[in-house]
Structures are given as C-alpha cells and as structure tokens.
Amino acid sequence: MRAWIEPESVDVPPELANAVGGHPLVAQTLAQRGLRELSAVRAFLDPQDYKPGEPSELPGMEVAVDRLEFAIRRGELVCVWGDFDVDGQTATTLLVSMLRDLGADPIYHIPVRASESHGVNLPMLEQVIDQGTQLLLTCDTGIAAHEGVDYARQRAVDVIITDHHSLPQQLPPALSVVNPRLLREGHSMDSLPGVGVAFKLAQAMYRRFDREPDGERHLDLVALGIVADLAYLQGETRYLLQRGLEKLRKPDRLGIQVMLEFAELNPAWLTEEHIGYILAPRLNALGRLGDANPVVEFLLTSEPGYARIMALQLEGMNAKRKLMTEQVYRAAVAQLEQDPELLKEAVLVLAHKAWPAGVIGIVASRLVERYGKPAILLAAPEGELARGSARSVAGVNITTAIASQREILSNFGGHPMAAGLAIEPERIHEFRRGVSAAALAQQVEVPTEIPLTVDGYLPLSDLNLDLVADLERLAPFGPGNPPLVLVSSGLRLVNHSRVGRSGEHVLLTVEDEAGDSQRVIWWQGAEWLALEPLPEGRFDLAYMARASTFRGQRDIQVEWVQARPDQRVAEELVPDRPPLRVIDYRDQAYPLAVLQRLLADEQLQVWAESQRPTGLVTRDRNKLVPAANMVIWTIPPSYPDLQAALGKVRPQTVYVFNIDPGMDQAEPFLKRLTGLVKHTLHVKGGRVQLAALAAETAQSEAVVLLGLTWLEAHGHLQVTQQSGGELWLEEGTNQPLGDRNQVTVQLHNLLQETAAFRLYFSRADKDALIAG
C-alpha cells in the first residue's frame, strides 16, 4: 500500500481567500502549490489575466520566420515533417494549415512507425527532396537529426527544426532551431510541447502577414497535443490548454465534431480528461498501428463523408489498440512474476520478439503505475533492432539515464518522463544493468512506490456538484497541476460489482456513519483486487471527484484511488504503549565510541544531519520510519522538528546525544547551502525539495528559505517558483537585489534562534525535552 502524505498545513493569506472565494479548499490548494501572490493566482485561474509570451522570445524564431516568409513569397515547395503521436499529428496539421492560409502549397510527411520509427529517415527524406522540396520544416522532431540535416544541406535544402525534446550534446547544423529547451530554466514557455512550439511559430507568421487573429483558430489542435503529450501544465502551456479547451467546447473543425459524435461526448462539458482518455487514444491508435498521415486531412477536411469514414477507421484502430495493449501488459507482468529478480533493478527493462512496437509505450506507463519505478519495454523481432519506449517517475530523468548508455545504443531521444530508443537485442541485458545504475545515480534511491499526496479531508455529505464545480476552477489538471486527492473517513462498503466489457473495472457503493452514500468507480480495479483486497469494516477512502455527464444529466463521478483502515478506529485499537524511555548520553566525552557500542548490541535508527558519524548508517528527518529504538545524534534545529521526528518514528526508547551540526553561524551555513544550490543547478536541473535542503543543512525550513533569499539578494541565484515543497532554482544574475542588509539581519536573528534551541537541548531535563 502506498504511503499517504498528509495535507501540508498552510496559512492562507486573508487577501488570497477573499479574492478566490468559494470553498476554502480552492485557496488552500493554491497556497499549498506555491501560489500566493494575487497576480499569479489570477493568471492561473483565468487565462484572460495571463500575459502570454512573445514568439520572438524563442531562440531561432526570427530566422525561421524570415526564411518561411521568403519561401512563401517565392513560391518554394515547403515540406512539413512531423511525428506519428498526437503531438506530432496536431503540430503537422497546424503548420500545414498555416502555410496554406498564407499562400503556400506545402507537402507533409509523418513517418510510418513500423517502417521508419521516429525522426528524419534518410530514404524517405531523399524521396521528399526529389519531389522538389526547397525548405524542410520539422515539428515535434528533428532535434537529433544530424544525418538528415547534413544530407539536406548537401542537396541545397534549408532546414528549420521546431522541436521540444531534450537537446543533444551538439545541435544539428540547421538554418534555425526553435526549441523551448534553449530558453532559460523556468521561462514561461519552457514546457511547450511540439504543437505549442508550432503554434508560436504560426503566431509569428500570421503577425508577419498582418493576419495575427487567424492564429487563434488553431488552439483546439494545441489543446489536443498538450494533453496527449503529458506536457507540464505551467505558464504558457497551461494558458494555451485553457484557451484550447474553450475552443473545443464550441468546435468548428469537422473532424473533431465527428469524433465527439462517435464518442457520444457533449462538447459543452469537455475537459482535459476527455482528451486524454477518449480523443487522444483514437488519434494515437492510427500512428501506433498504421499510418498517421491521413490524420492531417481528417483534421482539415470540410467533406462530411471523408470525416465519417476516417472517424470509423479511428474507432476500429482504437479497439485493436486496446486488445493488443492488454495482451502485452499481461505478458509483461508474467515476465516479472516468472523472474522476480527483474523487479530488483531500479528500472524495469523487458523485451519480447512478438510485442508490437505501437503499444509498448502505453504498457510501460501502466507498469510505472503498478510498480512505482521507471519502465522500458522493447519490441525485439528476430533479425532486427529492438525498439523501445520508456516511461519514468518523478525524480528520474529517463532520457539522461538512457543517454548514459549511448555507446551501446543505435539511437535514442526523448524528454525527462518519456523516451524512445533502438538497440541490438543481444545488448539488452547489458543495457538493463547500465540504465538502472544511471537512474540510481540521479537520486539517493529510486522509490519502490509512489506516495499518495492527499490535498484535503472532506465529509462525504459535503460532496456535491457545486463543490466539484468550485474545485474545477483549478483545472485543467495534469503534470505540474495534479487533480485533487480528497479523503472521506469512517466509510463502509455497501456493495460492489464488476463493470466494463471484460469486467475490468469495479463499481462500488460506500456509506458514511450518517447514512450518506456515494457510488465510486475503481478503474482497472479488478486487476488491483488481487494486490489490494477491498477493505473490511470502517475505512478512509482517498478519491478524485469530477463532474460528468451521462445521458444529458450532470452528476459527480468519484474515482477510487486507495483505501486504508479508519485511522480513528486504528488509534483506538492500539494498546497502551509502554512509557517512553529516554537514555541520556549528552555528556559523553567519546560519543562515537558509545554509539558504536550501542549499535553492536541493538537495532537502532540513528537520526543525524550534517555531522553524520563516519561509516555508520544514519537517516535524516525525511527518511525516518517507525522503529522501536531511536538515536538522536545531532541536535535538532527546533522543537517542532524534534516533535515531527518523534512522531514519525514513535520509538519506545530514545538515546539522546549532543552533537552540534555546526550550522548556526552564517558563514558555514551559507557555504553549505551554496554548495547544495550548485549541485541542484548542475545535476538536478534546478529542482529541489525544500525539506531536503533543510535536512542537508540541519536547519529549519524557515532558515533555509531565508538563506535562499540572502543568496538571491546577493545575485547568486534566482528562485523562480515554489510549488508545495518543491523549489525551482536558476543561476543568479550577479546583480544585487533589494535590501541585503535587512536580509542579513533577519538571517542572523533566525540562526540565533536555532542556536538558542540547541543550547536549551543540551541542558534541559531529558524527559521534559523528549516528552515536551
């Protein structure tokens, strides 16, 4: 069972609560996710209050626009080269439509997955150039197409690359490369997917031809690509999705109208979930199992007959995709059950000669969800290269891990959470070991399970359409803005039944102590029942709630996430604990020798930060787990930190030492913090947990935040965003900011408070200290 992370206690500023209004959960969630400034909150909730970025901010944009304008005015043949996933399909459609609007007559090519795979394939590129192409414009691909660009240049064909995938060590020698990863970390456009980059290019082109408003009609395509590609929903990407959803709710694109009709969706209530689970899989199925090129005309056609024929084809392909996905998933799980040693690796790497390459990415995602670690699946037909799809978990940049094995790969590419690769089948075992080692090197340990973050507790009786509609203001949800997980306590199971074509889902009715009941759907629940039986007696239920429409009626759809025993009942059933024993070793002249003797005789969990005893296994505050015996080696920074640690461990015996971490003077503290910041910037991409910095400096989180403010005021770094407990850091400008003297005084005062507590800890009565 996944560990539950309880809601963070936050003080919601009154002005924020008043401005947001509605249910307190809305303002509370915004504050928990780092949104406290009213201007930022307004821009998050309402796209009308967001200031979009200028296309010209993207490096390479001006050169691309100049060359495209020249091609259009000279009547040159432009080829748009895309990719076969939904992001690539929509980006290709958008650029082809834009070029036609502005007077060009482009051709386009989307690689056929089975015969070409991703990227710019040389034999097909030769054919495209032989047709008379004078300018090649890529979208959602091309960033690693060195051979393709070299060949095009030999044929006197200019290349403009628009892409969003991870940058190679050296960029291809294209005329222009437009990729948001060339922006500074934390830029509002740095999470744009391929279709988002294509849209910014289209915006700039329409502006160049004095037709700027025409770009707005492509926002529906942008929304499809953003959701399908699991783009990080911050800044410009969230804004474009909000605008695109508005357009999809009033669809004027015939192909989308027919898709909605066949899927029996009311466009007025369309959400990002409908894109992710209904529309995108249909479009993706064609790219995974067939040829995605017809999708472009399907999304551009004004012929109802063609639109309906294509929509029927998409329905058939999607049904086939579901069947194949289920077959591969069951085969992958069987591999792991037959060889449990595979589960011990940091990355799951599985292969089979009969697996279709078109569905292994979907299966990899399901394995990540089930096992909580990165997964790479490879289709390895006899006599051919094995081609794989990778999916990851937070904290492991899977493309970086794969790149560490570049010497044994034929090719690879991707972004932090997903990637593709090709490898000789006989080297898969070597690759498994190498990529697992590389993943482990990125963090202390790859999590064996993904913890469940709870956003709030709610009585079941409070769950209604008005509340759900209020919470929907936080949508669209996805990476970077996950849907709220709520918990209702004291429930019991009334009944349950299997539903779905194969009985794969479970429909349950739960009831609280007051008799209020609610239906709950557990997607793929039949599979999970073998691992996670239904609860008996009273239980807490974690769930997600969205509004849904069934046969024209609006209702609440509650989705089962996880259950645990009712914590109130659990606490009542716990027998009286023996009194806590506190053994005092604070006055020992040779404390390390004492600790080594204790460890030789007993199983102890040692809490130590900054000044860790050499050669001994210790834990910082973030890694403490329940244990009978606990050692407090270094003095905690504050009483709340001490109590929080004791609450995590719940020991029966505490051994108290008196080791000062040496972090209460500004110089050593700032030196240590600066080193951690540099490591974060250079190794972790600028993202770090505040709690991790606090543990590494043996300080409270408040001191660390003020230390970061001090570094920022002196121009050493920039804190670009704070979401929940995660910080986004960037290199500083070396320009002083604000009142540095005031920040220095504040930091000195806080450090003095910490020093005062440590002095108290070293002298206070041991029982009073621990018992509080």
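The values are calculated or read from the model by the stated rules, or taken from the named source; none is laboratory data. Owing to the predicted nature of the structure, the values given are computational and were not obtained by experimental measurement. All Cβ positions, even for glycine, are placed from backbone atoms using ideal geometry, and neighbour counts span all protein chains on display. All accessible areas refer to the heavy atoms of the entire protein, side chains included, with ligands and DNA or RNA removed. Shrake-Rupley method; radii C 1.70, N 1.55, O 1.52, S 1.80 Å.
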Mean projection area, nm², convex hull over Cα of the range 634-677: 4.0 nm²
Filter on LYS51/LYS373; LYS353/LYS373; LYS648/LYS766; LYS200/LYS250; LYS200/LYS322 - keep pairs with C-alpha separation over 28 Å: LYS51/LYS373; LYS200/LYS322
Sort LYS373, LYS320 by accessible area with a 1.4 Å probe, largest first. LYS320, LYS373
For the range 1-156, give the magnitude of the charge dipole about the Cα centre (Cβ charges: +1 Lys/Arg, -1 Asp/Glu; no others), in debye to the nearest 20. 120 debye
Normalising by the residue count of the chain, find the relative contact order in percent from Cα pairs under 8 Å and 6+ residues apart. 9 percent
Dipole in debye (nearest 20) - the range 619-700, about Cα centre, beta carbon charges: Lys, Arg +1; Asp, Glu -1: 400 debye
Of HIS23, VAL63, ILE5, whose Cα points farthest to the positive end of the dipole of the range 1-73 (charges on the beta-carbon: +1 Lys, Arg; -1 Asp, Glu; origin at the Cα centre)? ILE5
Rounded to two decimals, what ratio of Rg to Rh does the chain give with C-alpha atoms and a Kirkwood Rh? 0.98
Compare HIS109, HIS274, HIS429 by solvent-accessible area with a 1.4 Å probe and give them largest first, with all protein chains kept in place. HIS429, HIS274, HIS109
Give the average over all directions of the projected area of the C-alpha convex hull of the range 270-425, one decimal, in nm². 10.7 nm²
Surface share of carbon and sulfur [accessible, 1.4 angstrom probe, percent] for the chain: 50 percent
Listed peptides 75-84, 49-58 by packing density, highest first (mean Cβ within 10 Å): 75-84, 49-58
Considering every Cα-Cα pair within the range 1-68, what fraction, in whole percent, is farther apart than 16 Å? 61 percent
P(r) tail fraction, the range 568-694 - alpha-carbon pairs more than 25 Å apart, %: 35 percent
In debye to the nearest 20, how big a dipole does the chain give about its Cα centre with +1 on each Lys and Arg Cβ and -1 on each Asp and Glu Cβ? 680 debye
ASP466 and LEU598 label points (each 7 Å along its Cα→Cβ direction) are spaced in nm at 5.6 nm
If we restrict to alpha carbons, what Rg and Dmax does the range 105-155 come to, in Å? 10.4, 28
Expressed as a rounded percentage, what relative contact order does the range 235-363 have, with Cα pairs under 8 Å and six or more residues apart? 25 percent
Restricted to Cα positions, what overall size does the range 210-309 have along the principal axes? Three whole-Å values, descending. 37, 32, 26
In a shell of Cβ-Cβ distance under 11 Å around GLU513, excluding GLU513 itself, what net charge do Lys and Arg (+1) and Asp and Glu (-1) give? -1
For LEU534, LEU167, give me the order by solvent-accessible area with a 1.4 Å probe, most accessible first, ignoring ligands, DNA and RNA. LEU167, LEU534
Expressed in nm to one decimal, what extension gain is obtained for the pair LEU38 and ILE583 from 0.36 nm per residue of sequence separation less their Cα-Cα distance? 191.2 nm
What one gets for the range 71-182 as the Kirkwood radius, inverse of mean 1/r over different Cα pairs in Å, is 13.9 Å
Order the peptides 234-245, 508-519 from the highest to the lowest mean number of other Cβ atoms within 10 Å of their residues. 234-245, 508-519
Is the shape of the range 305-384 rounded, prolate or oblate, going by the alpha carbon gyration tensor and its root eigenvalues a ≥ b ≥ c, with a/c under 1.5 for rounded and a/b larger than b/c for prolate? prolate
Along the positive direction of the dipole of the chain (beta-carbon charges: Lys, Arg +1; Asp, Glu -1; about the Cα centre), which of ALA311, LEU45, LEU260 reaches farthest? ALA311
Show which lysines lie in cross-link reach of LYS671 when reach means a straight Cα distance below 26 angstrom and same-chain residues fewer than eight apart are skipped. LYS623, LYS684
Between ASN266 and SER517, with labels modelled 7 Å along Cα→Cβ, what's the label distance in nm to one decimal, could you check? 2.5 nm
